[in-house]
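Read-outs throughout are calculated quantities, based only on the coordinates presented, and are distinct from any laboratory measurement. These numbers come from a predicted model, not from an experiment. Here the Cβ positions follow ideal geometry from the backbone for every residue, glycine too, while neighbour counts run over all protein chains shown.
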Amino acid sequence: MKVVIIEDEQPAVLKLESMLQDYDQSFEVIAKLKSVKNSIAWISENSALVDLYFMDVRLQDGLSFDIFKKVSLNKPIIFITAYNEYAIDAFKVNSIDYLLKPLSFVDLSASLEKINSLRDNLPSDEKLKYDELAIMLEQMQKKYKMRFLTRVGDHIKSVKTENILLFYAEGRTVYIVTSKGDHYIIDYTLEELMKQVNPEMFFRANRSFIVNINVIEDVLVYSSSRLCIKLNFKFDKEIIVSREKTGMLKSWFEG
């Protein structure tokens with residue numbers, strides 16, 4: 001795992017490096033950054049290389065939270081600090097844990113096991129990579145879209161997300177199906193929608209359909225490796241779960 005340490009106290013950096021090697025020799029520290037300014041510059045160019053950040057709160061030139069105002073840290077973060085008053089701020093970002101100095105190997109190990117637990121709490125064929133884990137964490141912390149606007153003639157309607165049974169695409173056109181049975185066009189792609197709706201409530205079955213869990217009446221075996229979703233309302237299109245998503249559907253449907 002490739003690690004970045006953002007910490008301005010050299011003894012703390014050396015101690016963390018040693019503990020990481022004791023925990024797992026596959027850990028590789030690829031950058032050690034001491035300031036907000038240097039961190040912003042490095043992350044802007046190299047964020048794709050990182051699996052995990054370790055970060056102190058108070059740095060040479062300010063608080064590490066200032067980094068988030070300039071760059072997107074889309075990977076898991078473990079805060080290690082002497083100050084306990086920033087814990088709430090830490091968990092507003094992709095924070096796995098908030099550890100207080102002096103750092104102990106027991107606490108560090110527990111934090112790293114938390115990451116492994118998130119990854120391993122899925123079937124073996126659906127293990128998360130660390131970049132996927134970051135997306136998962138972001139989804140856990142974000143607020144989801146409550147309403148969608150659609151235009152009908154000269155009228156603009158606002159539809160509550162909770163009243164949307166289904167999103168589906170026909171070519172480049174995307175529709176919603178409401179609880180009243182209306183079909184409206186919306187100006188989003190399915191890829192964009194999956195970033196804005198609660199993944200506990202909505203599942204993307206394939207390239208054309210995103211389904212609300214509350215309207216699934218039955219799931220049938222369609223072939224040896226695919227499933228068919230049956231809805232509890234009349235809909236004239238067949239929804240087949242793509243082969244690579246069958247395991248994900250089972251995990252999602254089970255909760």
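Tabulated data
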quantity: Calculated from backbone phi, Karplus (6.51, -1.76, 1.60) coupling profile of region 210-222 in Hz, x at Gly/Pro; calculated: 10, 10, 7, 4, 6, 10, 7, 8, 7, 10, 10, 6, 8
quantity: Long-range amide H partners of L99 with built H, under 5 Å; calculated: F79, I80, T81
quantity: Per-peptide average of other Cβ atoms within 10 Å, ordering 74-82, 53-61 highest first; calculated: 74-82, 53-61
quantity: Helix 105-120 axis, angle to the chain major axis (alpha carbon atoms, nearest 10°); calculated: 20
quantity: Acute angle (nearest 10 degrees) that the helix 10-23 long axis makes with the longest principal axis of the chain, alpha-carbon atoms; calculated: 60
quantity: Rounded to the nearest 20 debye, dipole of region 147-254 from Cβ charges on Lys, Arg, Asp, Glu; calculated: 80
quantity: Per-residue ³J(HN,Hα) for region 234-244, Karplus 6.51 cos²θ - 1.76 cosθ + 1.60, θ = phi - 60°, Hz, x for Gly and Pro; calculated: 6, 8, 8, 10, 8, 10, 9, 6, 4, 3, 6
quantity: Rounded to the nearest 20 debye, dipole of the chain from Cβ charges on Lys, Arg, Asp, Glu; calculated: 920
quantity: Neighbour count of at most 10 Cβ within 10 Å plus DSSP loop: longest GluC sites (Glu not before Pro)-free window in the chain; calculated: 86-237
quantity: Theoretical ellipticity at 222 nm over the chain - DSSP helices of four or more residues, -39500 (n - 2.57) apiece, nearest 500; calculated: -8000 deg cm²/dmol
quantity: Estimated FRET transfer efficiency (S225, D154; beta-carbon r; R0 45 Å; 0.05); calculated: 0.40
